[in-house]
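Structure first, commentary second.
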Amino acid sequence: MYKDITEIYHLLDAKIQDRAFFGTHITSFAVPPGVREIGNYSFAECSQLTTFTMPNTVTLLGQNVFTECTNLVSVTLSNALTEIPCDTFMECSSLRFVHIPDSVARIGPCAFNECSALKAVRFPRKLKSIEWGCFSNCKSLETIYLPDSVEKLDCHAFEGCDRVGVISIPNTIHLVGDQALLCGKHTILYRRHHTVELGVEPEPLDCEFDFDEEEMVNTETVNIFNSFLLILSQVCETHNIDDGVCIIVDHICPYLAI
């Protein structure tokens, strides 16, 4: 028999402890007010968990907090979080929508990897960095609209998101990792506020790519991002839209990552 709320919620110094509810049969959970931290693997593999809410007192999440919560449908995140850490929602295969608070500046590696039912993500306005494999293999994701604050897309960030029809990215991005946007073969890429003219080299960007030339159907050698948009303008159909460029990336160059 639990003696008090501290024991019930595995609390110590306003923290839900590491692995506190790991693999248990809870179906819903509301973090009590005053909790500031949720520990590593604290709700991982809770296969019957469907809803989860946390108060705005929570400022820190550990790693793998909800990994393999396969029936998790609804999550309310704290408005005080600044980061979604590594593997937080990995393999949450029933999660369909997530609203990430505007306070979040970084989404860690594989945070939403293999969330196969995820259709839409509301990205925070202050988001700076989307890390390695963050949304890879989110097979139901349909549209990616990144806010103007984003500066970095790490390797494989959206790789394998085969149903994505439109990707809209800002011109603030200065680092794009290998195969970061290797999505469906008919994906439309729209780079806002950046116009590409056929045969005109775009302004230099401080950003490098690592392409495997043997995998590229198009034989152009591409080593740096400074040449990338020029190459696309020559091999893909392009449309200028509101001072941006809409690039239809078809099967002729599926291994170009952005």
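What follows draws every value from the coordinates through simple rules; no lab data is involved. Here the structure is a predicted model, which means the values were calculated and not measured. Heads up, the Cβs are rebuilt from the backbone with ideal geometry, glycines too, and the neighbour counts pull from every protein chain shown.
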Using the Cα gyration tensor of segment 1-126, the equivalent ellipsoid's semi-axes, largest first and to the nearest Å, work out to 22, 17, 12
Taking the convex hull of the alpha-carbon atoms of segment 39-195 and averaging its shadow over every direction gives an area in square nanometres of 7.8
Let a ≥ b ≥ c be the square roots of the eigenvalues of the Cα gyration tensor of segment 17-66; is it rounded (a/c under 1.5), or, if not, prolate (a/b larger than b/c) or oblate? oblate
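Calculate, for SER149 and HIS25, the FRET efficiency according to 1/(1 + (r/R0)^6) with r their C-beta to C-beta distance and R0 45 Å; round to the nearest 0.05. Kindly include the intermediate steps, with their values, before the conclusion.
Numbers: r = 40 Å, r/R0 = 0.89.
E between SER149 and HIS25, to the nearest 0.05, is 0.65.
ARG122 to ASP18: extension gain in nm, 0.36 nm per residue of separation minus the Cα-Cα distance? If you can, show how the numbers build up before the last one.
On the way: separation 104, 0.36 × 104 = 37.44 nm, distance 2.80 nm.
Taking ARG122 through ASP18 to full extension adds about 34.6 nm, to one decimal.
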5 angstrom amide H check on SER168, placed H, neighbours 5+ away: ILE144, TYR145, LEU146, TYR190
Taking segment 57-137, the equivalent ellipsoid from its C-alpha gyration tensor has semi-axes in Å, biggest first, of 18, 13, 12
³J(HN,Hα), Karplus 6.51/-1.76/1.60, whole Hz, each residue of segment 77-87, x for Gly, Pro: 9, 6, 6, 9, 6, 10, 8, 9, x, 3, 6
Any residue on another chain or 5+ positions along whose placed amide H is under 5 Å from the amide H of ILE100 is listed here as ARG122
